[in-house]
Amino acid sequence: MSAIPVTVDRAGLWDAETLSDVAAATFPLACPPDLASEDIETYIDEVLSDERFGDYLNDPDRTVLKAVADAQIVGYAMLVAGGPRDPVVARVIEPRPVLEISKMYVLPGHHGTGVSTALMAAALDHAHSDGCAGAWLAVNQQNARAQRFYTKLGFRTVGTRTLTVGSTVCDDYLMQQAF
Ligand SMILES: CC(C)(COP(=O)(O)OP(=O)(O)OC[C@H]1O[C@@H](n2cnc3c(N)ncnc32)[C@H](O)[C@@H]1OP(=O)(O)O)[C@@H](O)C(=O)NCCC(=O)NCCS
């Protein structure tokens, strides 16, 4: 698909249902191929429902950014302030204060068009204007496309962690960039 104009703005409560739909459509793309579909469905139901997005949008520590193209939400990023809560992550990630880029998902028809780059630029702008010294994220070890994207945009791998999806333990890389 060729590039079309995209705007990135902070999402509001009224976006919860659409964000949940985009999240359900894109989360499976980030999963390792051997992850059971039941585990993926459980995660979508428990973590990516419109009710949960309502919670995220009301959480003062979270900022949800939406990417809009042709008047449709085609991607989103979720940012979390306050530093890593998982001690495994906190030991590895160095910058403080640091912003977590907790989710970065774009509909497949808009991959490679600049939508993701615009979302990441807005996320890093947010980190800068919040006075952060850097940003961090986690990415599945088998998600080579996302790793390449993050590396292009200045992140480097500094460690690993595990994430439970449904009943399966998945292996992530931890990536950070210091400003
Ligand atoms: C991750 C994501 C946001 C990146 O956005 P994108 O628009 O695809 O990113 P780009 O096209 O700018 O960059 C991807 C890079 O990976 C490369 N790539 C594509 N497939 C690849 C593969 N299988 N292995 C390695 N690199 C790959 C592309 O060629 C490109 O690199 P290049 O610009 O040097 O050619 C998007 O792909 C996405 O939403 N994926 C599904 C959800 C997901 O995985 N989110 C991340 C969760 S941590």
*Within segment 112-123, restricting attention to residues that are out of contact with any strand residue (DSSP E or B) (no Cβ under 6 Å at 6 or more places or on another chain) and either in contact (Cβ under 8 Å) with a residue 60 or more places away in the chain or more than 9 Å from the ligand (Cβ to nearest atom) (or both), which residue is farthest from Pro5 (Cα to Cα)?*
Ala121
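Where in segment 109-179 are the strands (runs of 3 or more DSSP E), entirely inside, with at least 1 residues that are at pLDDT below 95? It would help to see each step written out before you state the result.
On the way: elements: 134-140, 156-165, 168-178.
Output list reads 156-165, 168-178.
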*Among Glu17, Glu100, which is the only one that is in contact with a strand residue (DSSP E or B) (Cβ under 6 Å, 6 or more places away or on another chain), acidic (Asp, Glu) and in contact (Cβ under 8 Å) with a residue 12 or more places away in the chain?*
Glu100
_Residue among Pro108, Pro97 that is farther than 15 Å from Met175 by Cβ, surrounded by fewer than 13 Cβ atoms within 10 Å (Cβ to Cβ) and not small (Gly, Ala, Ser)_ = Pro108
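The values are calculated or read from the model by the stated rules, or taken from the named source; none is laboratory data. Since this is a predicted model, take the numbers as computed values, not measurements. Neighbour counts run over all protein chains shown; Cβ positions are idealised from the backbone, glycine included.
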